[in-house]
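Enquirer: Quick one: the structure is below, questions incoming.
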Amino acid sequence: MNRHTGHQPDGNEQVFSASRAESPLHAMSIDVEDYFHVAALSGVIRPNQWASLPSRVEQNTERLLELFDRHDVRATFFVLGWVADRYPDLIRKLADHGHEIASHGYSHQLIYNQTPEVFREETIRSKGLLEDIIQKPVTGYRAASYSITKDSLWALDILAELGFEWDSSIFPIRHDRYGIPDSPRAPYTIETAQGRELREFPLTTAKLLGVTLPAAGGGYFRQFPYPLFRYLFRRASEGGTRPQMFYLHPWEIDPDQPRYNNASWFSRFRHYTNLDQCYGRLERLLTDFRFGTVSESYNSWEPDKTILRANEMIRLA
């Protein structure tokens, strides 16, 4: 029995745990934002309210830090600039514990709703803030709600120009807010419109009966039964040979967060489903697969040498 979760593994789970040593080094990523930053609640919580709301991001991130320390896992924390401004000691502590710090932008706004000028300004601000806190270069980026789509590919040039070397914002799936459905499912290199290059580590999807299913984490991790998610995550790695990207938010392990019942039914379903089960599932995931930072995972695998031009990605959307 797992002494932390009280969970008794069945035969299939014992097989997964036994094969963990042969698992590729997958990427563990955490998007460090608070419950009131999320797009699902943007219809009932405005950015000018954020500062007055009770923040829970520090305590929830500390719980994740303790969990990763206990399992000897190093993760990549995509930190929202708004959070870093208010909790610099938390970000410094993450770095001191050996975790990779990357940028999640500043204000958690969808890129395709921003102008290039606003996006550039916010990205410079967030990158500089994080680098001042940890005293190291920040070279990785993830867009709010994976909002680098065919309508915002221009953002890739700005990222490369500002010194980012890799990105994890492109979800090869159809979704109402994000996605470039037919983009590569394995890590690849993007040549931007201005001829710069960025490494891309896409979000995990699995093919099942000809259908592309999301298997990257977040709401999908909470909404799917754990055995199904585990199966899809392993299937996505092509028999356990290719590293995959997992993501979660600190608020997803917090069932005691404030509830906004005036949000739409669908938004409440997306945001609140199985919050009480997420921490235990995450601990099971850490025993079933091997995880490291995004950079460690990318570098542990010899990716395809494919270079995809940004203008070619438009036809994949």
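The values are calculated or read from the model by the stated rules, or taken from the named source; none is laboratory data. A quick note: this is a predicted structure, and the numbers were derived from the prediction, not measured. Neighbour counts are summed over all protein chains in view; Cβ atoms, including those assigned to glycine, are modelled from backbone coordinates with ideal geometry. Side chains are part of the model used for accessible areas, which takes the heavy atoms of the whole protein and leaves out ligands, DNA and RNA. Shrake-Rupley method; radii C 1.70, N 1.55, O 1.52, S 1.80 Å.
Enquirer: Just to check your reading of the model, which residue among Asp31, Asp69 is at pLDDT 95 or above, surrounded by 12 or more Cβ atoms within 10 Å (Cβ to Cβ) and farther than 25 Å from Ala143 by Cα?
Expert: Values: Asp31 fails: farther than 25 Å from Ala143 by Cα.
Going through Asp31, Asp69 in turn, just one is at pLDDT 95 or above, surrounded by 12 or more Cβ atoms within 10 Å (Cβ to Cβ) and farther than 25 Å from Ala143 by Cα: Asp69.
Enquirer: In the range 254-268, which residues are under 21 Å from Glu58 (Cα atoms) and among the basic types (Lys, Arg)?
Expert: Start the filter on the range 254-268 by keeping residues that are under 21 Å from Glu58 (Cα atoms), which leaves 254-260.
Matches in the range 254-268: Arg259 only.
Enquirer: Can you find a residue that is of a type outside the set (Asp, Glu), closer than 20 Å to Ser295 by Cβ and without any contact (Cβ under 8 Å) to a residue 60 or more places away in the chain anywhere in the range 108-117?
Expert: As a first pass, look at the range 108-117 and keep what is of a type outside the set (Asp, Glu): 108-116.
Subsequent filtering for residues that are closer than 20 Å to Ser295 by Cβ retains none.
No - not one qualifying residue is present in the range 108-117.
Enquirer: Filter the range 125-138 for residues that are assigned to a helix (DSSP H, G or I), in contact with a helix residue (DSSP H, G or I) (Cβ under 9 Å, 6 or more places away or on another chain) and open to solvent by 30 Å² or more (accessible area, probe 1.4 Å); which is nearest to Ala95 (Cα to Cα)?
Expert: Step by step, filter the range 125-138, then rank; the result is Asp132.
Enquirer: Going through the range 173-208 one residue at a time, which ones are open to solvent by 60 Å² or more (accessible area, probe 1.4 Å) and under 16 Å from Ser237 (Cα atoms)?
Expert: Scanning the range 173-208 gives Arg185, Lys207.
Enquirer: Among the residues of the range 265-294, count how many are open to solvent by 30 Å² or more (accessible area, probe 1.4 Å), out of contact with any Pro (no Cβ under 8 Å at 6 or more places or on another chain) and assigned to a helix (DSSP H, G or I).
Expert: Total satisfying the criteria: 9.
Enquirer: Another question about this same structure. Return yes when Phe36 is modelled with pLDDT of 95 or more, assigned to a helix (DSSP H, G or I) and either surrounded by 18 or more Cβ atoms within 10 Å (Cβ to Cβ) or of a type in the set (A, V, I, L, M) (or both) and no when it is not. Please lay out each step first, then the result.
Expert: On the way: modelled with pLDDT of 95 or more: yes; assigned to a helix (DSSP H, G or I): yes; either surrounded by 18 or more Cβ atoms within 10 Å (Cβ to Cβ) or of a type in the set (A, V, I, L, M) (or both): yes.
Against the criterion (modelled with pLDDT of 95 or more, assigned to a helix (DSSP H, G or I) and either surrounded by 18 or more Cβ atoms within 10 Å (Cβ to Cβ) or of a type in the set (A, V, I, L, M) (or both)), Phe36 qualifies.
Enquirer: Further question: Condition (residue is closer than 15 Å to His26 by Cβ and part of a loop (DSSP other than H, G, I, E, B)) applied to the range 218-230: is it met by at least one residue?
Expert: no
Enquirer: So, in the range 155-189, how many residues would count as being in a strand (DSSP E or B), at pLDDT below 90 and among the β-branched types (Val, Ile, Thr)? Reasoning before the result, please.
Expert: We begin by selecting, within the range 155-189, every residue in a strand (DSSP E or B); these are 166-167, 188-189.
Then keep just the ones that are at pLDDT below 90; that gives 188.
From what is left, the residues that are among the β-branched types (Val, Ile, Thr) are none.
Looking only at that region, the number is 0.
Enquirer: What are the pairs with Cβ atoms under 6 angstrom where one residue, in the range 213-227, is farther than 17 Å from Phe201 by Cα and the other, located anywhere, is surrounded by fewer than 19 Cβ atoms within 10 Å (Cβ to Cβ)? Sequence gap at least six, or different chains.
Expert: Gly219/Arg270; Arg222/Thr273; Arg222/Asn274; Gln223/Thr273
Enquirer: Of the residues Phe221, Phe229, which is hydrophobic (A, V, I, L, M, F, W, C), modelled with pLDDT of 95 or more, crowded, with 19+ Cβ neighbours inside 10 Å and under 22 Å from Ala144 (Cα atoms)? Before the answer, list the steps.
Expert: Numbers: Phe229 fails: under 22 Å from Ala144 (Cα atoms).
So the residue among Phe221, Phe229 that is hydrophobic (A, V, I, L, M, F, W, C), modelled with pLDDT of 95 or more, crowded, with 19+ Cβ neighbours inside 10 Å and under 22 Å from Ala144 (Cα atoms) is Phe221.
Enquirer: Condition (residue is under 27 Å from Tyr279 (Cβ atoms) and out of contact with any Asp or Glu (no Cβ under 8 Å at 6 or more places or on another chain)) applied to the range 190-202: is it met by at least one residue?
Expert: Taking the range 190-202 as the starting set, the residues that turn out to be under 27 Å from Tyr279 (Cβ atoms) are 201-202.
If we keep only those that are out of contact with any Asp or Glu (no Cβ under 8 Å at 6 or more places or on another chain) too, we end up with 202.
Yes, because at least one residue in the range 190-202 is under 27 Å from Tyr279 (Cβ atoms) and out of contact with any Asp or Glu (no Cβ under 8 Å at 6 or more places or on another chain).
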